[in-house]
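Structure, as structure tokens:
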């Protein structure tokens, strides 16, 4: 396999050990990075390690420090830090199983593909995968990587498994801290029906390729045009939608207009049919009058 494994070891379930390899399931998307440039000379700006009142210092004289109070640091060298690092164990032990819906999405961090390390591991790997699928459970454990112990989950994904690194409890903010000032009230039923209708009209199967980073594409275009213009300044005005009003009447009108425009977009054929001219009615011969009999 061309990609380099993120981790190699074994998944352990009680007395069963399954040799596996773990590979990143995601990759970095397109991005544009900028350097700080000294405009008069056109040269990039570099940074020096300096101490206030002393100026530049030798890199060998730099150690890591942890601030325990204002201006007071505990100094640590690399050997001391390395000594307390957790040994990079090659075992991911499944210690608990939970229903997937019990884990808040905020805890998930990054996904990895898990595959059997060799043919001998296939049978045990498949049994674990199907057992998780049948029980509809997610396995939890801790993975030691590069001196850190990482919380991770394991669940079926097609023919393989997906391991997702997770955040610890102290890394996740309490939602109530931010949501406490939101009114605890039920919405107007008509507004709710309109919003639900709009959601249904815009519902479709998820296709990731439908979406693209428009900002990155615009930056690439700007850089290309800037290079052609030989430094000439290029500015474009982008019209941003503005929100007008925030009362129920405006919201009602906006939702009704949105539902109407969505319906017109979704059914162009019906709009075309309404413009066609009606066919002339053919007159059927009338029955002979009794007077003429």
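We did not get these values from a lab; they are worked out from the coordinates using the rules stated. On a predicted model such as this, the values are computed, not experimentally measured, just so you know. Using ideal geometry, Cβ is built from the backbone for each residue, glycine included, and neighbour counts are taken over all protein chains shown.
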Computed FRET efficiency, Cβ-Cβ of residue 67 and residue 131, R0 51 Å: what is it to the nearest 0.05? 0.60
Give me the extension gain from residue 100 to residue 28: residue separation times 0.36 nm, minus the current Cα-Cα distance, reported in nm with one decimal. 23.2 nm
Assuming 0.36 nm per residue, please report the length gained on full extension of the stretch residue 57 to residue 157 beyond their Cα-Cα distance. 30.8 nm
Two-site label geometry, residue 234 and residue 48: point separation in nm, points 7 Å out along Cα→Cβ: 3.7
By the C-alpha gyration tensor axes a ≥ b ≥ c (rounded if a/c is under 1.5, else prolate when a/b exceeds b/c, else oblate), the shape of region 120-197 is oblate
How much length is gained on full extension from residue 200 to residue 41, taking 0.36 nm per residue of separation minus their Cα-Cα distance? 51.5 nm
Suppose R0 equals 25 Å; then what is the FRET efficiency for residue 181 and residue 257 from their Cβ-Cβ distance, rounded to the nearest 0.05? 0.25
I'd like the FRET efficiency for residue 3 and residue 209, computed as 1/(1 + (r/R0)^6) with the beta carbon distance as r and R0 of 22 Å, rounded to 0.05. 0.55
